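Chemist: Have a look at this one before I ask anything.
The values are calculated or read from the model by the stated rules, or taken from the named source; none is laboratory data. Just so you know, these numbers come straight off a predicted model, no measurement behind them. Ideal geometry is used to build each Cβ from the backbone, glycine not excepted, and the neighbour counts take in all protein chains shown. Remember, those area values only see protein heavy atoms, side chains included, never the ligands or the DNA or RNA. Shrake-Rupley method; radii C 1.70, N 1.55, O 1.52, S 1.80 Å.
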Amino acid sequence: MILEIVKYGHPALRARGARIKKVDQRIRELAANMIETMIAADGCGLAAQQIGIPLRLCVVDIREVQNRPSRMWINSNEVDPNKFMPLVLINPEVETLGSEEAGTEGCLSLPGITAEILRPARVKVTATNLEEETIQFEAAGLLSRAIQHEFDHLNGVLFIDRMDLKTREAVQPLLDKITPNKSHFLH
Ligand code: ZN
């Protein structure tokens, strides 16, 4: 089922996600719907906050992006990231490694806005999967960036918060134009 993606101004986007205590049928259905929603929207990541539910759950799929490579390691062995997509990350912990690099980002909740954002090049991720197993891997390239962007969402952080002042000022008129979701109009 395709879910409604909430837009900038919705309070869920600023909420810190609650930890998921049990991976039950409800969480499995939610993750499946989030994957379907992400793919339908041509996104490479989606956090639960973006469908209005502040939980520590996000999905990532970088398979469609061919011009921006991703790398992935499990137990220090390099693996093909495509084989692990779509990724479902429950209660993820993200440790950033390496020096910062700039890369273009956009966000399904902030349509029409893209900007260069500085982020550490590499991440070490520990998370729970849908089988309630602990998974651990390292990522670089677009996958690292997508995971950091989604992990920010789980803490109520948006990529506009990571823009330099000049970029942040330049995108303000675009932010002002984003129409909030009708069902969640903020006063
Ligand atoms: Zn986003």
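Chemist: In percent, what relative contact order does the chain have, based on Cα pairs under 8 Å that are 6 or more apart in sequence?
Modeler: 27 percent
Chemist: I've got another one for you. Using 1/(1 + (r/R0)^6) with R0 = 25 angstrom and r between the beta carbons of GLN136 and ALA40, what's the FRET efficiency to the nearest 0.05? Can you show the working numbers first?
Modeler: On the way: r = 30 Å, r/R0 = 1.19.
Efficiency, rounded to the nearest 0.05: 0.25.
Chemist: Could you let me know the centre-to-centre spacing of region 76-114 and region 4-26, using Cα atoms, in angstrom?
Modeler: Cα centres, region 76-114 to region 4-26: 18 Å.
Chemist: Could you state the number of Å between the C-alpha centres of region 31-52 and region 131-147?
Modeler: If you average the Cα positions of each part, the centres end up 17 Å apart.
Chemist: Still on this structure, I have one more. What part of the accessible area of the chain, given as a whole %, is carbon or sulfur when the probe is 1.4 angstrom?
Modeler: Whole-percent figure for carbon plus sulfur exposure: 51.
Chemist: Looking at region 11-179 only, what percent of DSSP beta bridges run antiparallel? Nearest 5 please.
Modeler: Among the beta bridges of region 11-179, antiparallel pairing accounts for roughly 95 percent.
Chemist: Within the chain, what is the number of lysine pairs with alpha carbons under 24 Å apart, leaving out pairs fewer than eight places apart on the same chain?
Modeler: Within the chain, the lysine pair count is 7.
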